[in-house]
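Take a look at the structure below.
The values are calculated or read from the model by the stated rules, or taken from the named source; none is laboratory data. Fair warning: this is a prediction, and the values are worked out from it, not measured in the lab. Cβ atoms come from the backbone with ideal geometry, glycine included; neighbour counts cover every protein chain shown. The area values use the complete protein model at the heavy-atom level, side chains included, leaving out ligands, DNA and RNA. Shrake-Rupley method; radii C 1.70, N 1.55, O 1.52, S 1.80 Å.
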Amino acid sequence: MKTSWTPIRHTAIVLALCGAFASAAFAGGQAAAPAKPTASADKGAAADTAPANGTLRPGDDFFAWANGGWLSKTDIPADRSSWGAMASLAEETNQRIVKLIEDAGKDKGANSEARKVGDYFAAYMNEGAIEARGVAPLKPQLDRIAAIKDKPGLVRALGDSLRADVDPLNNTDFFTENVFGLWVAQGLHDTARNMPYLLQGGLGMPDRAYYLDSSERMAGLRTQYQKHIATMLKLAGYSKTENDADARAAKVFALEVDIANGHASRADSADVLKADNTWTLKDFTANAPGLDWNAFFKAAQLGDQDKFIVWHPSAMKGTAALVERIDLATWKDYLAFHRINQMAGVLPKAFVDARFDFYGRALTGTPQQSLRWKRALGATNEAMDEAVGKLYVAKYFPAENKARLQQMVANIVDAFGKRVDKLDWMAPATRAQAKEKLKTLYVGVGYPDKWKSYAALKVVPNDAFGNAVRAEQFHYKEEIAKLHHKPERTEWAMPPQLVNAVNLPLQNALNFPAAILQPPFFDPKAPDAANYGSIGAIIGHEISHSFDDQGAQFDAQGRLRDWWTEEDMEHFKAASSKLVAQYNAYKPFPDLAVNGQLTLSENLADLAGLAAAYDAYRASGGKNANEEGDRAFFIGYASSWRNKAREAAERRGILTDGHAPPQYRTATVRNLDAWYKAFDVQPGQALYLPPDQRVRVW
């Protein structure tokens, strides 16, 4: 799935808020660790993969058949919007990590980096100190906003707020509260240079649809969001009269509606060809008037950059015009609200609770906020991701696991290559390019080849707010420093302790963090069939992202380049369109269907990855691979997607997430002939597809 990590919030394989660390944007404060399960929640893999009893057949609903026992006994923990295999594993992992962090904070002999990790966590946990300081730590930032006297000052403030907090290729969430988002990565066409990418931003709700959709539910959320703006402004002292904060909030919300009108849709945001826009400084002035771009980039520490890749031209144009048109007072209140909102997790409890009331209860339907230690762990992971990961790997990732996983990866890469060789529709020239991508693919297993240094990050005991600000600035400087260095193909995009995986198309690389390489996804004691069905399908999924509707646009060096013959691409698009139609037909709710186009990349990767993993299992198993093993393979796949979500969270995911809901990802099996044979799936059963209607791409 597509992702990387800190300071960006990633979703990759996981559904929204299902990974090891929830998105800070919608978790009610800083990034939250998963909840401790209730007595009825997930207890591990042992009994959860057993198929449910009863009359339900695999061919009617394979997700429910394979996960029936787990679904019937599992409740979503009160502080979660969803719960599943990945969230459960992340909970177990985080229980280990927090103990490591606490020990590091107590150990006077620990190295300076480990002590920083412990101090950061402890400062976040010190609610007494945070309450005692009140809003005082935030006041200097709000004072700077209040001191803005004119539009040039506003432009400087907007530029100064820019952060490297988005990732359009490796993260399905384009969200940033800052007016624009920055991503630093190899150029789309120049493999020798890192480039600054600018993306749309500036909204406090997840997507433009939340502002523009006319449904009753969205209208209700808009009302609650406007109240949330007013509440945060009141808590920070922006209320001279009883109704002052409400009036200010109304104007801030109206500004966000205007910003949303300039935003691209999720589907358009996922189209790399629409994002391939290189602008010089002169182009910004000509294409997006109303904002002094030279001053903006200077304030953003990007004044030495001569070219930018503009992912969302319409947002640049629309927001720049709003800088000129909207009054200064409204913009100042907008900046103040978003800074309060961003920093709520390290402010007094009233701010934390107010943020959760909207982003937790209203937006995702989560009834209870996660405990403080879980939010502290999420914040520490976000601030010092690889420093925490180094502690985790040293304790919990044995060398033999890495070696075995590397062999599985090699087997699945080989299986995918053999599938490419057998494609009768692919021209020799295209096939050669595809094989070159596989040959040059970098696969990182467990942890990075080179660890980040946090020597320049200052962590002060009992200064949670200051630590958060310094970590934010540290990561921004770290990212823009890449603009003066050549791209590193082996650079990791997520930390070892994240239960996730990623394909990085510009690097032609994969990352499989250590935390996902454990039960139920990889169990050294389990049969190969089950491991290939779970972690093997994930490995295959990430490999196949190199050849999905987006990955296929990049060559072996990561250049955006058309390396397909016209005939081959037409065949690929025709096959892909069948998968779009298949997913468009799934309706989780009477009024809301899965978006087959939005989820196409992930659905293609699920399909191709599962097929390659099956081939690799069969090839590696030799005589031991049989129909009984096939059943274990497919059950392993289905059990890896066991998940339950609250309605509000699932609806949000359908609208904004590039991944389909897990029950429909499990339904990928209906396109593989071997599944029909393994479970005797016959015509008349709900998932049955005639052979000529089964989607076959790779």
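Which residue, of 114, 132, 66, is within 27 Å of the chain's Cα centre (by Cα), surrounded by fewer than 24 Cβ atoms within 10 Å (Cβ to Cβ) and part of a helix (DSSP H, G or I)?
Every option except 114 fails the conditions.
Hey, among 518, 497, 433, which residue is modelled with pLDDT under 95 and over 24 Å from residue 559 (Cα atoms)?
Answer to the check: 518.
Which of the following residues is assigned to a helix (DSSP H, G or I) and either at negative phi or open to solvent by 20 Å² or more (accessible area, probe 1.4 Å) (or both): 142, 162?
None of the others qualify; the one that does is 142.
Please identify the pairs in which a residue from the range 72-89 that is under 11 Å from residue 643 (Cβ atoms) and in contact (Cβ under 8 Å) with a residue 60 or more places away in the chain has its Cβ atom under 8 Å from the Cβ atom of a residue that is in a strand (DSSP E or B) and open to solvent by less than 10 Å² (accessible area, probe 1.4 Å), counting only partners at least 6 apart or on another chain.
74/83; 76/82; 76/83
In the range 548-560, how many are within 21 Å of residue 269 (Cβ to Cβ) and out of contact with any Ser or Thr (no Cβ under 9 Å at 6 or more places or on another chain)?
2
Exactly one of these conditions fails for residue 558: (1) part of a helix (DSSP H, G or I); (2) closer than 19 Å to residue 276 by Cβ; (3) open to solvent by less than 10 Å² (accessible area, probe 1.4 Å). Give me its number.
So residue 558 meets the others, but not (1).
Condition test on residue 305, is it on the phi < 0 side of the Ramachandran plot and of a type outside the set (A, V, I, L, M, F, W, C)? Before the answer, list the steps.
On the way: on the phi < 0 side of the Ramachandran plot: yes; of a type outside the set (A, V, I, L, M, F, W, C): yes.
So residue 305 passes the test.
Tell me the helices (runs of 4 or more DSSP H) entirely within the range 294-362 that contain at least 3 residues that are open to solvent by less than 20 Å² (accessible area, probe 1.4 Å) and closer than 30 Å to residue 376 by Cβ.
328-342, 349-356
So which of 570, 647 is open to solvent by 40 Å² or more (accessible area, probe 1.4 Å) and either within 30 Å of residue 79 (Cα to Cα) or among the basic types (Lys, Arg) (or both)?
647
Which residues, counting only those in the range 455-479, are part of a loop (DSSP other than H, G, I, E, B) and open to solvent by 50 Å² or more (accessible area, probe 1.4 Å)? Steps first, please.
Residues of the range 455-479 part of a loop (DSSP other than H, G, I, E, B): 455-463.
Scanning the range 455-479 gives 455, 456, 458, 461, 462.
Which residues, counting only those in the range 223-272, are of a type in the set (D, E, K, R), outside any helix (DSSP H, G or I) and under 21 Å from residue 287 (Cα atoms)?
271, the sole residue that qualifies.
Only one of these conditions is not met by residue 247: (1) in contact with a helix residue (DSSP H, G or I) (Cβ under 8 Å, 6 or more places away or on another chain); (2) open to solvent by 10 Å² or more (accessible area, probe 1.4 Å); (3) modelled with pLDDT of 95 or more. Which number is it?
(1)
Any residue at all in the range 273-281 that's surrounded by 20 or more Cβ atoms within 10 Å (Cβ to Cβ), in a loop (DSSP other than H, G, I, E, B) and at pLDDT 95 or above?
no
So, in the range 469-509, exactly how many residues are more than 30 Å from residue 140 (Cβ to Cβ) and among the aromatic types (Phe, Trp, Tyr)?
Number of matching residues: 1.
For the range 134-173, give me the residue count where each residue is aliphatic (A, V, I, L, M) and free of Cβ contacts under 8 Å to residues at least 60 places away in the same chain.
Summing the residues that are aliphatic (A, V, I, L, M) and free of Cβ contacts under 8 Å to residues at least 60 places away in the same chain in the range 134-173 gives 2.
Residue 408 fails exactly one of the following numbered conditions: (1) modelled with pLDDT of 95 or more; (2) farther than 25 Å from residue 651 by Cα. What is the number of that condition?
So residue 408 meets the others, but not (1).
Which of the residues belonging to the range 282-293 are open to solvent by 30 Å² or more (accessible area, probe 1.4 Å) and assigned to a helix (DSSP H, G or I)?
282, 283, 285, 286, 287
Is it the case that residue 424 is of a type outside the set (Phe, Trp, Tyr), without any contact (Cβ under 8 Å) to a residue 12 or more places away in the chain and surrounded by fewer than 18 Cβ atoms within 10 Å (Cβ to Cβ)? Give the derivation first.
Numbers: of a type outside the set (Phe, Trp, Tyr): yes; without any contact (Cβ under 8 Å) to a residue 12 or more places away in the chain: yes; surrounded by fewer than 18 Cβ atoms within 10 Å (Cβ to Cβ): yes.
Spelling it out, residue 424 is indeed of a type outside the set (Phe, Trp, Tyr), without any contact (Cβ under 8 Å) to a residue 12 or more places away in the chain and surrounded by fewer than 18 Cβ atoms within 10 Å (Cβ to Cβ).
Which residues, counting only those in the range 654-673, are small (Gly, Ala, Ser) and farther than 19 Å from residue 615 by Cα?
658, 660 - these are the residues of the range 654-673 that are small (Gly, Ala, Ser) and farther than 19 Å from residue 615 by Cα.
Identify the single condition in (1) over 15 Å from residue 275 (Cα atoms); (2) assigned to a loop (DSSP other than H, G, I, E, B); (3) β-branched (Val, Ile, Thr) that residue 155 does not satisfy, given that it satisfies every other one.
(2)
Please state which of the following conditions residue 384 fails to meet, knowing it meets all the rest: (1) open to solvent by 40 Å² or more (accessible area, probe 1.4 Å); (2) within 26 Å of the chain's Cα centre (by Cα).
It is condition (1) that residue 384 fails.
Which residue is nearest to residue 525 (Cα to Cα), if the candidates are limited to the range 392-409 and must be touching a residue at least 40 places away in the same chain (Cβ under 8 Å) and open to solvent by 80 Å² or more (accessible area, probe 1.4 Å)?
Ranking the candidates gives 400 first.
If only one of 486, 525, 578, 482 is within 17 Å of residue 605 (Cα to Cα), of a type outside the set (A, V, I, L, M) and surrounded by fewer than 22 Cβ atoms within 10 Å (Cβ to Cβ), which one is it? Step through it out loud before you land on a result.
Values: 486 fails: within 17 Å of residue 605 (Cα to Cα); 525 fails: within 17 Å of residue 605 (Cα to Cα); 482 fails: within 17 Å of residue 605 (Cα to Cα).
Every option except 578 fails the conditions.
Answer yes or no as to whether residue 452 is surrounded by 17 or more Cβ atoms within 10 Å (Cβ to Cβ) and of a type in the set (Lys, Arg).
So residue 452 fits the description; yes.
So, of the residues in the range 674-697 that are part of a helix (DSSP H, G or I) and in contact with a Phe, Trp or Tyr (Cβ under 7 Å, 6 or more places away or on another chain), which turns out to be farthest from residue 610 (Cα to Cα)?
Here the residue is 678.
Counting only residues that are part of a helix (DSSP H, G or I) and small (Gly, Ala, Ser), which one in the range 363-394 is farthest from residue 116 (Cα to Cα)? Don't jump to the end; show me each part of the working.
Applying the first criterion (part of a helix (DSSP H, G or I)) to the range 363-394 yields 363-364, 372-383, 385-394.
Checking which are small (Gly, Ala, Ser) leaves us with 376, 378-379, 383, 387, 389, 394.
On the way: 376: 14, 378: 15, 379: 13, 383: 10, 387: 9, 389: 13, 394: 17 Å.
So the residue we want is 394.
Scan the range 176-185 for residues that are over 16 Å from residue 316 (Cβ atoms) and surrounded by 24 or more Cβ atoms within 10 Å (Cβ to Cβ) and jot them down.
First pass over the range 176-185, keeping only residues over 16 Å from residue 316 (Cβ atoms): 177, 184-185.
Matches in the range 176-185: 185 only.
Contact list please: Cβ distance under 8 Å, first residue in the range 641-666 and closer than 14 Å to residue 70 by Cβ and assigned to a loop (DSSP other than H, G, I, E, B), second residue open to solvent by 20 Å² or more (accessible area, probe 1.4 Å) and of a type in the set (Ser, Thr, Tyr), pairs at least six apart or on different chains.
Going by the 8 Å Cβ cut-off, there are no qualifying pairs.
So, in the range 650-671, how many residues would count as being open to solvent by 20 Å² or more (accessible area, probe 1.4 Å), closer than 17 Å to residue 589 by Cβ and of a type outside the set (S, T, N, Q)?
4
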